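**Q** First the structure, then my questions, so here it is.
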Amino acid sequence: MTTAPAVTTHQEFSFTDEDFRALAQLARAQFGLSLAESKKPLVYSRLARRLRARNICRFDDYMSLLDIPDEQDERLQLISALTTNVTSFFREKHHFQTLREIVLPRLASRRRLRIWSAGCSTGQEAYSIAMTLLEALPDAGSRDIRILATDIDPAVVERAKVGSYAVEDIENLPAEMRRAWTRASPETAGKSEIAAEVKRMISFGELNLVDPWPFHGPFDAIFCRNVAIYFDQETQQRLWQRFAGMLDDGGYLFIGHSERVSGPALQALETAGVTTYRKKQDTLGVTRT
Ligand SMILES: C[S@@+](CC[C@H](N)C(=O)[O-])C[C@H]1O[C@@H](n2cnc3c(N)ncnc32)[C@H](O)[C@@H]1O
C-alpha cells in the first residue's frame, strides 16, 4: 500500500502568529475591529494582495509600513481589506417600514429632522432613507431636513456622493421610486443616477466611528447597520452608548440583522422592533460625546 505524501501548504508570504497579533492589535486600536485567531487565514488572503501591490515580501515589513505617519492611505486600504462594503437599496426593508409608519408620523409636526447613516458604504442606505422621507412627507421640501451619511473609507464615500449605480442595483428600488428619483446616466451605459433633489438632502463625509465625532446631534434616527459586527464587544458597547447620547428623546436606532445592543446603553434604549431601539424619554446619565 502506498501512502499519500504529506501535504505542505505553501504560503507566498511569511505570516507568523506574532504578525497576526500585532495586526489585530493595530486594527483594534485604530478602527475598533475585532480579529479573532480563527480569522488568521482570511486576514492572510485579504492582505496578501496589499503586500503584492506594495511589493513587500514579509508581513512584519507591511506592519512597519502601517506605522509610518504618511501611510494613511495604506491604513485605509487595510480597513477596506478587513471589512466589506456590501450594501443595497432598502436592505432590511422592515427598518424603512418602521421609519415610514412609526418614526415619521411621530415627527409630523416637527420642521427639523436629522437622520444619520453611520457606516453608509456606497450610499444606498442614505438614499433609501431620503426616498422614504420624500415619499412619506409631501412637504419635505419646506422642512429643515438633513441626512448625514458617513463612512471610514474615503473610496466608498466618494462613490456615494456621485450616486451612480449599476442598473441591476437600482432594480432593488420600488418601481415608483425608481421612476421618480433615478434617471439613466447620460455618460455611462448600464448606469443610473440618483436625482439631484434626493442627493441634496444628504451630506456625505468620512468618519471613523471609533474617533471623536465632530457634531452633537441630536438625531431623530440613527442607522448603523452591519458595521459594529466587526468591532469587539467593548467597542460595540461604547458605540451603542455614544449613539444613545446622540439621539433625541424618543429617537430610533436601527442596527444590523446579526447585531444586538448590549451593555450600559440598555439603560437608555428600549427595544422597539426587530433590531430597532428607541431612546427612552428623559434618560439620565447618558453623555453626548
Ligand atoms: C457592510 S457595510 C454596511 C453598509 C450599510 N450600513 C448596510 O447595512 O447596508 C460596512 C461599512 O462599515 C464601514 N466601517 C467599518 N469600520 C468602520 C469604522 N471604524 N468607522 C466607520 N465606518 C466603518 C466600512 O467601510 C463599510 O463601508
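The values are calculated or read from the model by the stated rules, or taken from the named source; none is laboratory data. No experiment lies behind these values; they were computed from the predicted model shown. Positions of Cβ are backbone-derived with ideal geometry, glycine not excepted, and every protein chain shown enters the neighbour counts.
**Q** Looking at (1) modelled with pLDDT under 90; (2) under 20 Å from the mean Cα position of the chain (by Cα); (3) surrounded by 14 or more Cβ atoms within 10 Å (Cβ to Cβ); (4) of a type outside the set (D, E), which is the only condition T84 fails?
**A** (3)
**Q** Among E197, E125, E101, which is the only one that is acidic (D, E) and either within 16 Å of the ligand (Cβ to nearest atom) or not in a helix (DSSP H, G or I) (or both)?
**A** That would be E125, the only listed residue that is acidic (D, E) and either within 16 Å of the ligand (Cβ to nearest atom) or not in a helix (DSSP H, G or I) (or both).
**Q** Search region 229-247 for residues being modelled with pLDDT under 95 and assigned to a helix (DSSP H, G or I), and hand back the single one that is nearest to the ligand (Cβ to nearest atom).
**A** Y230
**Q** Examine region 161-180 for a residue that is in a strand (DSSP E or B) and under 22 Å from V103 (Cα atoms), and state whether such a residue exists.
**A** No, the conditions are met nowhere in region 161-180.
**Q** For region 40-69, name all the residues that are exposed (fewer than 15 other Cβ atoms within 10 Å of the Cβ) and either within 16 Å of the ligand (Cβ to nearest atom) or in the same structural domain as P212 (by TED's automatic domain parsing) (or both).
**A** Selection gives L42 alone.
**Q** Only one of these is farther than 14 Å from D151 by Cα and outside any helix (DSSP H, G or I): F215, F204. Name it.
**A** After applying the criteria, what remains is F215.
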